[in-house]
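All remarks here apply to the structure that follows.
The values are calculated or read from the model by the stated rules, or taken from the named source; none is laboratory data. Please read these numbers as outputs of a predicted model, since none were measured by experiment. Because the Cβ atoms are built from the backbone with ideal geometry, glycine has one as well, and the counts that use them run over all protein chains shown. Only protein heavy atoms, including side chains, enter the accessible area calculation; ligands, DNA and RNA are left aside. Shrake-Rupley method; radii C 1.70, N 1.55, O 1.52, S 1.80 Å.
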2 protein chains.
Amino acid sequence: MKKITISEKFELFTQEWSPKIIAESNGQLVKIAKGSGELVWHKHENEDELFIVFKGQLTLQLISGDIVLNTGEMYVVPKGVEHCPRAEDDTHFMMIEPSSTAHTGELKSEVTVSLEKQEWI
Amino acid sequence: MKKITISEKFELFTQEWSPKIIAESNGQLVKIAKGSGELVWHKHENEDELFIVFKGQLTLQLISGDIVLNTGEMYVVPKGVEHCPRAEDDTHFMMIEPSSTAHTGELKSEVTVSLEKQEWI
């Protein structure tokens, strides 16, 4: 394995809310994504989801209130907790989650990117 | 859980090569550490170890060659692979690894910080 320069990986794609896989560790995948606007409300019944923001602002809307993450901030959405990410334009963030984690949980919407379609970059 | 501002967590301690725990996700701990100089050669028989550098330069010395990580770069040391981290002065980095991961693997040296002594901050 070569080292990974995270900013270079973000230059390899433009799609929003479309996670790309950059590494695997202990059965968990390290994914990066860009976003602007809102994804959809969903939950992951069996997986915690770790978010780290590298650029911009990502708001994790939870039933209990908004978690507003700026560059250099992180949060873990616990398994079973409903959430809906909302991002400022051109926000860059990382997610670390088990390889079993479905993009929008049990919800299948037109924005859902299935696990099979989440490519390694 | 509150959001975590990673840079603020680094301000809470000064010890080098002494991992502090800032989050847990799916049985893995998110740890941050500061370093300068060299730790010791060791391996983790059963755990991959993910490194992300937030400040400075961390070199992961491997038998196969050095992996030099600057700010914004990451690497996964696979389970069973001998490594010895070396850092420029005041380097800040994150490690994500299973909660079972011993600091310096099976090696117990004077620099080893046991799991019990790795505190949450």
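Some points to look at:
- Per residue value of the accessible surface for the protein assembly as shown (all protein chains in place, 1.4 Å probe), Å²: 45
- A simple count of charges around B:E16, restricted to other residues whose Cβ falls under 10 Å of its Cβ and scoring Lys, Arg +1 and Asp, Glu -1, yields -1.
- Restricting the range B:1-78 to GluC sites (Glu not before Pro) in coil, as DSSP defines it, with at most 16 other Cβ within 10 Å: B:E11, B:E45
- When only alpha carbons are used to place a centre, the range B:53-120 and the range A:1-63 end up 23 Å from one another.
- Cα gyration tensor shape for the range A:2-58, rounded if a/c is under 1.5, else prolate or oblate: oblate
- Of all aspartates and glutamates in the structure, those lying under 18 Å Cα to Cα from A:K79, and not within fewer than 8 positions of it along the same chain, are A:E45, A:E47, A:D48, A:E49, A:D66, A:E97, A:E106, B:E24.
- Alpha-carbon geometry of the range B:35-121: the Rg and the Dmax are 12.2, 35 Å, given in that order.
- Label-point distances for B:M1 to the equivalent site in the other copies, using a point 7 angstrom along Cα→C-beta, read 2.1 nm when ranked shortest first.
- Shown here for the range B:1-34: trypsin sites (Lys or Arg not before Pro) in loop regions (DSSP other than H, G, I, E, B) with at most 11 other Cβ atoms within 10 Å, namely B:K2.
- Unsatisfied cross-links (Cα-Cα over 18 Å) in the set A:K43/B:K20; B:K55/B:K117; A:K9/A:K34; A:K55/B:K34; A:K3/A:K31; A:K2/B:K34: A:K43/B:K20; B:K55/B:K117; A:K55/B:K34; A:K2/B:K34
- Just checking the listed ones, A:A23, A:A33, A:A87: in the Gaussian network model of chain A with Cα springs under 10 Å, the one fluctuating most is A:A23.
- Stokes-Einstein D for the protein assembly as shown, Kirkwood Rh over Cα pairs, 10 °C, 1.306 mPa s (µm²/s): 87
- Charged-residue dipole, Cβ positions (Lys, Arg, Asp, Glu), chain B about Cα centre, Debye nearest 20: 340
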